[in-house]
Amino acid sequence: MDFSTLGNQVENAYLFKGSAQKPFLAPRGVFVSNGKLFVSDTGQNRVFIWNSIPQSEFQEPDVVLGQQDAVSSGRNSGGNVTSQTLHYPSGIWSDGIKLIVCDAWNHRVLIWNTLPQNNAQPADVVLGQPDFSINKPNVHGQAAEPAANTLNWPYGVWSDGTQLWIADTGNRRILYFDTIPQENFSKATAVIGKPNMETRDYKNDEPIWPYSVKINPDGNMIVADTQFYRNLIWKDWKTAFTQKADLIIGQANFDACGQNQFMLSPNSHTLNWTYDAMFYKNGILVNDTGNSRILWFKDLPKENNAAADALIGREDFNTSSEFKGNLTGTQSALYWPFSIATANDQLFIADTGNHRLVICKLKF
């Protein structure tokens, strides 16, 4: 990689590609907690755990979930769905004790009550399905209406260690649990983005395709609303049950839905297929995935369509994924980064289109 393409907001960057036996394939989830690194190796249906942050390009994982070893990669381990298998895992959350994984294409969320220590360790709790042997959307199939305990393509998860939020993407909503469930098929406490648990139709002022949800200690909530190329911000997450978002990043209003606002190239306030965002210090980092960059807002925006203060991954705000450096391949720069995580001043980027992580130090 040409690390200069990351720009002057980061330093000390290096690449990490996972197991040398079988490197990452389109990793879509990354999370760091208590010095441990968690990665959803999405294209190979497995989740890796490293008990310390890798410092080299390859390092064998301490634990592999979804497969028996670091070289296997079949959907549901090549068989039927069980408590040990995964199919297209995505969002991850952990406090270093519990582990929660969005097992997206099995239409469920898996919970390990204690951090797994062994390969293919069975999950303790399943949400979205009555038991570990079922994996249909909304339990009964794609045409089935949602309920308080069903899921359809859940891609994002967040917790504060007590409460739990799930981006139930295919049902176009966010489910809220006032405690992390201990029983299979638990019902959500409340829903964000819908008037009730049985509704899937949407309005433009609701999350249309919520892919990730994050909440900071001040109670601010941000949702990456992919299909409308925007991020939605509530200043107090508790108001999201009954009110539309307070702020929009990437669009001027709730009816606007243009990819880069229908312009030929991006700029400092547009987005293209945004899949993640997170709070960092007093500001926000936004994955502008389709533009292969990460936008930095040093403070919480005060109005819709605010311009970013800086970016990571492109030389300027008008350069998109398709630039001269990618004419012979995408490896020289970020390409379709799906998710991010931070630990202290380190940034971990799931550089999904290049099948790797980029790890670097933030300078702001």
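The values are calculated or read from the model by the stated rules, or taken from the named source; none is laboratory data. Please read these numbers as outputs of a predicted model, since none were measured by experiment. A quick note on method: Cβ atoms are made from the backbone with ideal geometry, for glycine too, and the neighbour counts reach across all protein chains shown. When the accessible area is computed, the model is the full protein with side chains, heavy atoms only, and any ligands, DNA or RNA have been set aside. Shrake-Rupley method; radii C 1.70, N 1.55, O 1.52, S 1.80 Å.
Here are the numbers:
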{"item": "Among the residues listed as Gln121, Gln129, Gln117, the single one being polar (S, T, N, Q) and either over 18 Å from Asn184 (Cα atoms) or without any contact (Cβ under 8 Å) to a residue 12 or more places away in the chain (or both)", "result": "Gln117"}
{"item": "Some residue of the stretch 203-213 being among the aromatic types (Phe, Trp, Tyr) and either out of contact with any strand residue (DSSP E or B) (no Cβ under 6 Å at 6 or more places or on another chain) or more than 30 Å from Ala143 (Cβ to Cβ) (or both)", "result": "yes"}
{"item": "Spans of strands (runs of 3 or more DSSP E) in the stretch 280-364 with at least 3 residues of a type outside the set (Val, Ile, Thr) and within 21 Å of the chain's Cα centre (by Cα)", "result": "283-288, 293-297, 339-343, 346-351, 356-362"}
{"item": "In the stretch 30-48, residue most open to solvent (accessible area, probe 1.4 Å) [restricted to those that are within 15 Å of the chain's Cα centre (by Cα) and aromatic (Phe, Trp, Tyr)]", "result": "Phe31"}
{"item": "The stretch 121-157 - residue that is out of contact with any helix residue (DSSP H, G or I) (no Cβ under 6 Å at 6 or more places or on another chain), modelled with pLDDT of 95 or more and among the polar types (S, T, N, Q) and, of those, surrounded by the fewest Cβ atoms within 10 Å (Cβ to Cβ)", "result": "Ser133"}
{"item": "Residue check for Asp236: touching a Lys or Arg at 6+ places or on another chain (Cβ under 6 Å) and over 24 Å from Val139 (Cα atoms)", "result": "no"}
{"item": "Residue in the stretch 49-72 that is open to solvent by less than 10 Å² (accessible area, probe 1.4 Å), at positive phi and within 21 Å of the chain's Cα centre (by Cα) present", "result": "yes"}
{"item": "From Ala26, Ala20, residue being at pLDDT 95 or above, within 29 Å of Leu311 (Cβ to Cβ) and open to solvent by 10 Å² or more (accessible area, probe 1.4 Å)", "result": "Ala26"}
{"item": "Any chance Gly325 is open to solvent by 10 Å² or more (accessible area, probe 1.4 Å) and free of Cβ contacts under 8 Å to residues at least 12 places away in the same chain", "result": "no"}
{"item": "Single residue of Phe317, Phe338 found to be of a type outside the set (Val, Ile, Thr), under 24 Å from Phe228 (Cβ atoms) and either without any contact (Cβ under 8 Å) to a residue 24 or more places away in the chain or touching a helix residue (DSSP H, G or I) at 6+ places or on another chain (Cβ under 6 Å) (or both)", "result": "Phe338"}
{"item": "Test: residue in the stretch 266-275 that is modelled with pLDDT of 95 or more, in contact with a strand residue (DSSP E or B) (Cβ under 6 Å, 6 or more places away or on another chain) and either under 17 Å from Thr342 (Cβ atoms) or surrounded by fewer than 17 Cβ atoms within 10 Å (Cβ to Cβ) (or both)", "result": "yes"}
{"item": "Filter result for the condition that a residue is more than 30 Å from Gly141 (Cβ to Cβ) and not in a helix (DSSP H, G or I), over Val101, Val32, Val81", "result": "Val32"}
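Condition check ((1) touching a Cys at 6+ places or on another chain (Cβ under 9 Å); (2) of a type in the set (Lys, Arg); (3) surrounded by fewer than 22 Cβ atoms within 10 Å (Cβ to Cβ)) across all residues:
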| site | (1), (2), (3) |
| --- | --- |
| Phe185 | no, no, yes |
| Ser212 | no, no, no |
| Met221 | no, no, no |
| Phe228 | yes, no, no |
| Leu232 | no, no, no |
| Lys235 | no, yes, yes |
| Ala245 | no, no, no |
| Gln251 | yes, no, no |
| Phe279 | no, no, yes |
